[in-house]
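What follows is a short report on a single structure.
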Amino acid sequence: MFFAISDRLGPAHLADTNIELAVTYTVVRDSPEKLIERLDAHAAEHAKSPRDYFESVRALNAGEEQCGPVMRDPVAVAARFVYLNRCCYNGLYRVNKSGRFNAPWNKQDQFKFCAETIRAAAGALSNTKVTAQDFRKASPNSGDFVYCDPPYDKTYNQYSADRFDDDEQRALAKLVRTWAEAGVRVMVSNSDTAFVRGLYSMGFHIHEVAAPRPLNRDGEARGPVSDLVLTSYEI
Ligand SMILES: C[S@@+](CC[C@H](N)C(=O)[O-])C[C@H]1O[C@@H](n2cnc3c(N)ncnc32)[C@H](O)[C@@H]1O
């Protein structure tokens with residue numbers, strides 16, 4: 001979403017609880033050439049022994065001590081994040097209940113990445129603040145546009161050890177309603193379930209959209225499904 005509209009945005013703020021994701025976007029923005037250099041090094045090591053190398057990088061678990069290792073070498077954290085994303089099954093970001101990344105290897109002998117895409121992303125992010133934070137910490141102003149892309153109801157919630165459950169969905173819906181009442185233009189995406197429809201039935205416009213679901217475990221079920229886009233304003 002952000003990269004699709006970045007050329008039409010003024011100053012923007014991207015936030016997610018995943019500290020490694022936030023560090024990665026920060027490094028892409030501030031140090032793209034250093035990141036590309038580290039990714040070249042990952043590619044060279046991966047080519048020598050793909051499976052062993054993937055498993056050794058995955059075992060590093062950069063996020064374990066949160067800010068400690070991240071602050072010491074953010075470029076290494078970002079390079080690991082991009083490498084694992086490109087070399088794991090389906091680009092799946094999945095952690096176990098201890099917060100340890102555990103997606104399996106995609107069985108590809110080469111690790112490929114596009115340096116030009118990283119440079120283009122750096123340009124798109126140049127006027128953007130990136131933070132690792134819970135959605136409850138956001139404080140948009142009247143007239144701002146906020147897009148929320150939470151873990152989807154009844155689909156997949158293994159982004160972090162703290163699973164995004166029904167109470168989290170309720171808390172998000174309640175908070176965005178207060179923002180909307182204060183004049184913020186809010187858009188939320190989520191699954192098309194009775195629970196989500198109920199949460200946003202007051203004050204939100206409900207739109208059905210066909211969306212790809214590339215992370216479905218069942219390959220046959222990976223085609224488009226109906227999702228919901230909920231807006232506090234008319235489209
Ligand atoms: C459907 S994904 C969206 C990811 C992102 N928009 C993208 O396109 O790459 C849901 C995201 O919600 C984040 N998340 C989970 N709990 C959160 C919370 N309490 N506050 C903020 N973000 C959270 C996860 O880390 C995950 O990245």
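The values are calculated or read from the model by the stated rules, or taken from the named source; none is laboratory data. Quantities reported herein were computed from a predicted structural model and do not represent experimental measurements. All Cβ positions, glycine included, derive from the backbone under ideal geometry; neighbour counts span all protein chains shown. Just the protein is used for accessible areas: all its heavy atoms, side chains included, with ligands, DNA and RNA removed. Shrake-Rupley method; radii C 1.70, N 1.55, O 1.52, S 1.80 Å.
At-a-glance table
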{"read-out": "Kyte-Doolittle mean at least -0.5, axial Cα span of 15 Å or more - DSSP H helices of the chain", "value": "19-30, 74-87"}
{"read-out": "Cα-based reach from K112 at 19 Å (exclusive), listing lysines while leaving out same-chain residues under 8 positions away", "value": "K34, K48"}
{"read-out": "Share of carbon and sulfur in the accessible heavy-atom surface of the chain [1.4 Å probe, %]", "value": "51"}
{"read-out": "The range 16-128: relative contact order as a whole-number percent, Cα under 8 Å and 6+ apart", "value": "38"}
{"read-out": "Sequence-distant aspartates and glutamates (8 or more away, or on other chains) whose Cα lies within less than 13 Å of K129", "value": "D16, D30"}
{"read-out": "Residues of the range 134-231: accessible area per residue with a 1.4 Å probe, Å²", "value": "57"}
{"read-out": "Proximal aspartates and glutamates relative to K154, as straight alpha-carbon distance under 17 Å, when same-chain residues fewer than 8 apart are discounted", "value": "D162, D165, D166, D167, E168, D192, E208, D218, D227"}
{"read-out": "The chain: Cα Rg divided by the 2.2 N^0.38 Å rule of thumb", "value": "1.07"}
{"read-out": "Highest to lowest packing among 33-40, 163-170, scored as the average C-beta count within 10 Å", "value": "33-40, 163-170"}
